[in-house]
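S.K.: Dropping a structure here in structure tokens format, bear with me for questions.
The values are calculated or read from the model by the stated rules, or taken from the named source; none is laboratory data. Note that the structure is a prediction, hence the values are computed from the model and not measured. When we count neighbours, we look across all protein chains shown, and the Cβ atoms used for this are built from the backbone with ideal geometry, even at glycine.
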Amino acid sequence: MLRLFTSLILLTAFESYSQQVYDSMFHAIYVGDFSEFYCDTILCDGECVSYYPSGGLKMKGTFDNGQPVDSVIRYYETGLIRVIEVPFTGRQERLEYYENGQLASYWCENKGELREYFKDGELAFKYRNQKSKTYHPNGKLKCNETLRKKKIYSQNGKLRTKIRRREILILDRIINKEQKFYGYKHKTFDDQGKIETKAKYYSFGYGFWSVFPDSLGEINNNDFDWVIYYESGKPVYKTEWNYEWIDSLLQKVKREYTYDERKWIEAKK
């Protein structure tokens, strides 16, 4: 099926160009997603190719003043395809391959879709419509994520992390509609399913592919509200960060507590 998919992409109409050979060809991407292809130091124009020092084909494409008019193909030195870029309006796809010929990733800009694969062909990651799933090499689900929640699983299918987020309406958010602020509730579990930690924190976000952190270790201390630590499913220790007036300045202060007989007791400094 993957071979057929590749063949369909390559069966696009070439206009008649005289082939030009260059030492190098590269794709320059600028701010605002505008990009151009360069052949040595000039914009690629016409049918252009470059070769490895060994003589093997390295890259080829057909261009009009730096813009591709057909699929741009990069090759491994072995002759196998490494990357195919399809630039056409309505498609705009990119396929990358492992050296064994297996599809490594597929990206479609128009659909906002990304798929990544392990070397054996099994699906490793998929993303579309702001939803993503990541898989372990054994095929079991590793992570399931939407804009509101994220769940992380072990290789044996046990839930290890659960995170929920909600948008917080604050003054800056009301004034500036583009500035979003979120509250997070974060739980981690052991292999027996018992709670290990609970945390509450705030953030503006964590990245393009994920709006969540992978672990509590990624979170800045100043972003925390509190963290509770458990042993055998029972609470034993808590850390809180609260704003307090110190020397006429509002500062975030860290306080630590131990759990004893159904109540938290502040630890002595």
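S.K.: What are the residues in segment 223-232 that are within 26 Å of the chain's Cα centre (by Cα) and assigned to a strand (DSSP E or B), if any? Spell out how you get there, then give the answer.
M.R.: Step one: list which residues in segment 223-232 are within 26 Å of the chain's Cα centre (by Cα), which gives 223-224.
Phe224 - this is the single residue of segment 223-232 that is within 26 Å of the chain's Cα centre (by Cα) and assigned to a strand (DSSP E or B).
S.K.: I'd like to verify a number: residues in segment 122-137 that are at pLDDT 95 or above and not in a strand (DSSP E or B), how many?
M.R.: Residues meeting the conditions: 3.
S.K.: Let me ask something else. Would you please name the residue that is surrounded by the fewest Cβ atoms within 10 Å (Cβ to Cβ), looking only at residues in segment 130-151 that are under 22 Å from Phe204 (Cβ atoms) and among the hydrophobic types (A, V, I, L, M, F, W, C)? It would help to see each step written out before you state the result.
M.R.: First, the residues of segment 130-151 that are under 22 Å from Phe204 (Cβ atoms): 130-132, 143, 145-150.
Among the residues that remain, those that are also among the hydrophobic types (A, V, I, L, M, F, W, C) are: 143, 147.
Numbers: Cys143: 19, Leu147: 13.
Among those that are under 22 Å from Phe204 (Cβ atoms) and among the hydrophobic types (A, V, I, L, M, F, W, C), it is Leu147.
S.K.: Does Tyr127 fit the bill of being closer than 21 Å to Arg164 by Cα, under 13 Å from the mean Cα position of the chain (by Cα) and crowded, with 16+ Cβ neighbours inside 10 Å? Write out each step before concluding.
M.R.: Numbers: closer than 21 Å to Arg164 by Cα: yes; under 13 Å from the mean Cα position of the chain (by Cα): yes; crowded, with 16+ Cβ neighbours inside 10 Å: yes.
Yes.
S.K.: Of everything in segment 233-269, what is among the acidic types (Asp, Glu), in contact with a strand residue (DSSP E or B) (Cβ under 8 Å, 6 or more places away or on another chain) and not in a strand (DSSP E or B)? Give them in sequence order. Walk me through how you get there before you give the answer.
M.R.: From segment 233-269, those among the acidic types (Asp, Glu) are 240, 244, 247, 256, 260-261, 266; that's our starting set.
Next cut, in contact with a strand residue (DSSP E or B) (Cβ under 8 Å, 6 or more places away or on another chain) only: 240, 244, 256, 266.
None - no residue of segment 233-269 is among the acidic types (Asp, Glu), in contact with a strand residue (DSSP E or B) (Cβ under 8 Å, 6 or more places away or on another chain) and not in a strand (DSSP E or B), so the list stays empty.
S.K.: Give Thr161, Thr188 a once-over and let me know the one that is modelled with pLDDT of 90 or more, in a strand (DSSP E or B), polar (S, T, N, Q) and within 24 Å of Arg128 (Cα to Cα).
M.R.: On the way: Thr188 fails: within 24 Å of Arg128 (Cα to Cα).
Unique residue meeting the criteria: Thr161.
S.K.: Further question on the same structure: Filter segment 234-264 down to the residues that are surrounded by 10 or more Cβ atoms within 10 Å (Cβ to Cβ) and among the charged types (D, E, K, R), then identify the one that is nearest to Glu196 (Cα to Cα).
M.R.: Lys238
Residue-by-condition table, conditions (1) touching a Ser or Thr at 6+ places or on another chain (Cβ under 6 Å); (2) polar (S, T, N, Q); (3) without any contact (Cβ under 8 Å) to a residue 24 or more places away in the chain:
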position	(1), (2), (3)
Val86	yes, no, no
Tyr106	no, no, yes
Asp120	no, no, yes
Arg128	no, no, yes
Tyr135	no, no, yes
Cys143	yes, no, yes
Lys151	no, no, yes
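S.K.: Just checking, how many residues over segment 46-64 are over 32 Å from the mean Cα position of the chain (by Cα) and closer than 14 Å to Pro87 by Cα?
M.R.: 1
S.K.: So, in segment 187-222, exactly how many residues are over 22 Å from the mean Cα position of the chain (by Cα) and under 27 Å from Leu169 (Cβ atoms)? Show your work before the answer.
M.R.: The first filter runs over segment 187-222 and keeps only residues over 22 Å from the mean Cα position of the chain (by Cα), leaving 189-200, 221-222.
The next check asks that each one be under 27 Å from Leu169 (Cβ atoms); those that pass are 198-200, 221-222.
Matching residues across segment 187-222 total 5.
S.K.: Restricting the first residue to segment 41-59 and requiring it to be on the phi > 0 side of the Ramachandran plot, which pairs with a second residue that is at pLDDT below 95 meet a Cβ separation below 8 Å and a spacing of at least six or different chains?
M.R.: From segment 41-59, the pairs are Gly46/Tyr17; Gly46/Ser18; Gly46/Gln19; Gly46/Gln20; Gly46/Thr62; Gly46/Phe63.
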